[in-house]
Every structure is written in structure tokens, then in C-alpha cells.
Amino acid sequence: MKINIAGVINCDGAKLNVEKEAVIGSFEFAGNEYSFENPVRVTGEIRNIGSALKIALKVEGEYTSYCDRCGCEVAASISGEAEENITGEAVEIDSEMFVLNGHVLDISGAVESLVYSSLPMRNLCSDDCKGLCSKCGTDLNKSECNCDTTRYDPRFAIFRKLAGNGEV
Ligand SMILES: [Zn+2]
Ligand SMILES: [Zn+2]
């Protein structure tokens, strides 16, 4: 994503508003699949503060992913911000986030890294999602199954025996 900054690069105090859209699409990250159906919104400003160019960016978007526990689709949104000063004297700057080549500033790296760093650690359809039965795969949010997934504490086995509960 390239921005022509000819209007601010040599002009103390000049400011350029950023208002763009970035197509992200689908990708896999940390074992989950993310799908950005619509482009993410990239807003911010580039300001010449004399000694440097001050870049402030904000990335916002909506995505769908899958619940870590039950696998159903989860819709959520991201929002991330970054601020960086790059020195205006240099003709070429390469950083992971910004590449300045002449009067053209490429912010693709910054947008990409803001998207990744804004993704949540977990995707859950709800905080109390019960997930799937580890034995039969039944979605425990929708129905119950008859699997015995109880783990008895062996210390209490003697009481079950006394209660006439049979096998230990
Ligand atoms: Zn779930
Ligand atoms: Zn089950």
C-alpha cells in the first residue's frame, strides 16, 4: 500500500491524512483460520515535524474465525494502532513496517503487522462455550451425550464402594 508523500516530505508542519482500505482476505495463523471478507480500514496521518516524519496509523476490520472449543463460526473485529517517527532527511528507509523510497511511502508492512498483532489469543463463540465431547464429538452447547467423561478421584473410591457402587 503506497502513499505519495511529496507534499509533506520537504515541508515543515505539513500534514497528510491517510484514508485507505487494505484487502486482507483469508489466512491461517496460530492454528486458526481467519477470513476478512471486507477490506480493513486504514486511517491516520503523516506529519512533518521538522526533524522527522511522524506517522500515526490505525487499522480496523471485521473477520470471521472458528471457535477454539466447538469449531463453530465466530465473527469479531480487530483494532490496532501504531506510531513511528522516520527521519525525513533519508531518501530510502527500510524498516519492517515502513519503506520510504523517494516520495513514496509503503505502509503495507505496518498494516500487515497491525492486523496480526490485533488478533486475539483465543477465539470463542462465547466465554462459557462447553465445546465438543472428547469421546463422541457431540456439540455440548446443543445437546448432551451419554459418554462417561467423569474422572473419579481414586481417593474417594472407597466411599463409592461403601455406597454399593461396585467396581473401582
Ligand atoms: Zn464454541
Ligand atoms: Zn459424548
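No lab work stands behind these numbers, since they all come straight from the coordinates. Just so you know, these numbers come straight off a predicted model, no measurement behind them. Note that we place each Cβ from the backbone using ideal geometry, even for glycine, and neighbour counts take in every protein chain shown.
A few points about this structure:
- Computed log₁₀ I(q)/I(0) - Debye formula, equal Cα scatterers, no solvent, the range 10-50, q 0.16, 0.30 Å⁻¹: -0.58, -0.95
- Cα centroid separation, the range 24-38 to the range 58-85 (Å): 9
- Distant-in-sequence amide H partners of residue 18 (H built 1.01 Å from N, under 5 Å): 44, 45, 46
- 15 Å beta-carbon shell around residue 72, net charge (K/R +1, D/E -1): -2
- Lysines whose Cα lies under 30 Å from that of residue 20, excluding same-chain neighbours fewer than 8 positions away: 2, 54, 58
- Residues 54, 2 arranged by fewest to most Cβ contacts within 10 Å: 2, 54
- Out of every Cα-Cα pair that the range 35-81 contains, those further apart than 13 angstrom amount to 65 percent.
- Under 15 Å from a label point set 7 Å out along the Cα-to-Cβ vector of residue 60, the amide N atoms of the range 3-34 belong to 18-22.
- Fewest-first ranking of 138, 87, using other Cβ atoms within 10 Å as the exposure measure: 87, 138
- Entry note: the range 1-97 has Rg to Rh equal to 1.12, where both radii use alpha-carbon atoms and Rh is the Kirkwood radius.
- Cα-based reach from residue 142 at 17 Å (exclusive), listing lysines while leaving out same-chain residues under 8 positions away: 130
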